[in-house]
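The structure appears below as structure tokens.
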Amino acid sequence: MKNADLLLPAMAKWVFLQDTFVEEEKALIHFKDLSFQRGYGIFDFFRLVGNSPLFLQDHLDRFYFSAQGMHLPVPLDREALENAISALIWKNGVPDSGIRLSLTGGYSEDGFNIGNPTLLISQHTFLPPPEEVVQNGIRLL
């Protein structure tokens, strides 16, 4: 048996796109989505400690407020969005990571008018800050 035979197969990394879970490599957004055409969209990012989101309600408040300000209807109500986030965390099994919520202007035939917004929830590994920063903080001007 070779060393390569001892390697475990890589676990699939999942994202939540629109209303379903998709393998990360297969999650595609059309080039006529307004996020590509003119950067029209919003996002939020929050950390997980273990598998628990930090300040989730505050992040969701900001996400829905930003969506409203950009005239982008979020395709999921708050409870459904929380459930999708929880399911993604469980499905990926990557504690101590980060969740990115992205909402774009959606597919637009003319590159101007908002289409049906595209919702993407993705999970990312997150390297904690160096111990020195945790202990001493950082100086901001």
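Tallying residues that are at pLDDT 85 or above and surrounded by 11 or more Cβ atoms within 10 Å (Cβ to Cβ) within the range 121-141 yields 4.
In the range 103-112 there is at least one residue that is closer than 18 Å to Phe45 by Cβ and assigned to a strand (DSSP E or B). Restricting attention to the range 87-120 and to residues that are of a type in the set (Asp, Glu) and either out of contact with any Gly (no Cβ under 8 Å at 6 or more places or on another chain) or under 26 Å from Arg38 (Cα atoms) (or both), the residue that is most open to solvent (accessible area, probe 1.4 Å) turns out to be Glu109. Would you call Leu48 open to solvent by less than 20 Å² (accessible area, probe 1.4 Å), at pLDDT 95 or above and part of a strand (DSSP E or B)? The answer is no for Leu48. Tell me, please, whether a residue that is within 12 Å of the chain's Cα centre (by Cα), closer than 24 Å to Pro129 by Cα and either at pLDDT 95 or above or not hydrophobic (A, V, I, L, M, F, W, C) (or both) can be found in the range 26-43. Checked against the condition, which is being within 12 Å of the chain's Cα centre (by Cα), closer than 24 Å to Pro129 by Cα and either at pLDDT 95 or above or not hydrophobic (A, V, I, L, M, F, W, C) (or both), the range 26-43 yields at least one hit.
Conditions tested, residue by residue: (1) touching a residue at least 40 places away in the same chain (Cβ under 8 Å); (2) of a type in the set (Gly, Ala, Ser).
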{"position": "Asp58", "(1), (2)": "no, no"}
{"position": "Gly69", "(1), (2)": "no, yes"}
{"position": "Pro75", "(1), (2)": "yes, no"}
{"position": "Arg78", "(1), (2)": "no, no"}
{"position": "Ser86", "(1), (2)": "no, yes"}
{"position": "Gly115", "(1), (2)": "yes, yes"}
{"position": "Leu120", "(1), (2)": "yes, no"}
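In this entry, Leu140 is excluded by the filter for residues that are part of a loop (DSSP other than H, G, I, E, B) and either under 21 Å from Leu28 (Cα atoms) or basic (Lys, Arg) (or both).
The set of residues in the range 98-114 being farther than 19 Å from Asp61 by Cα and under 13 Å from the mean Cα position of the chain (by Cα) is empty. Within the range 49-56, is there a residue that is within 16 Å of Phe16 (Cβ to Cβ) and in contact with a strand residue (DSSP E or B) (Cβ under 7 Å, 6 or more places away or on another chain)? Scanning the range 49-56, I find at least one residue that is within 16 Å of Phe16 (Cβ to Cβ) and in contact with a strand residue (DSSP E or B) (Cβ under 7 Å, 6 or more places away or on another chain), so the answer is yes. Each residue in the range 57-73 was checked for being aliphatic (A, V, I, L, M) and open to solvent by 30 Å² or more (accessible area, probe 1.4 Å), and 1 of them qualify.
I need the full set of residues from the range 115-125 which are part of a loop (DSSP other than H, G, I, E, B) and farther than 21 Å from Arg62 by Cα, in order please. Result: Gly115, single match.
The values are calculated or read from the model by the stated rules, or taken from the named source; none is laboratory data. Remember, it's a predicted structure, so these values are computed and weren't measured experimentally. Every residue, glycine as well, gets a Cβ built from its backbone with ideal geometry; the counts of neighbours run over all protein chains shown. To get the accessible areas, we keep the full protein, side chains included, count just its heavy atoms, and leave off ligands, DNA and RNA. Shrake-Rupley method; radii C 1.70, N 1.55, O 1.52, S 1.80 Å.
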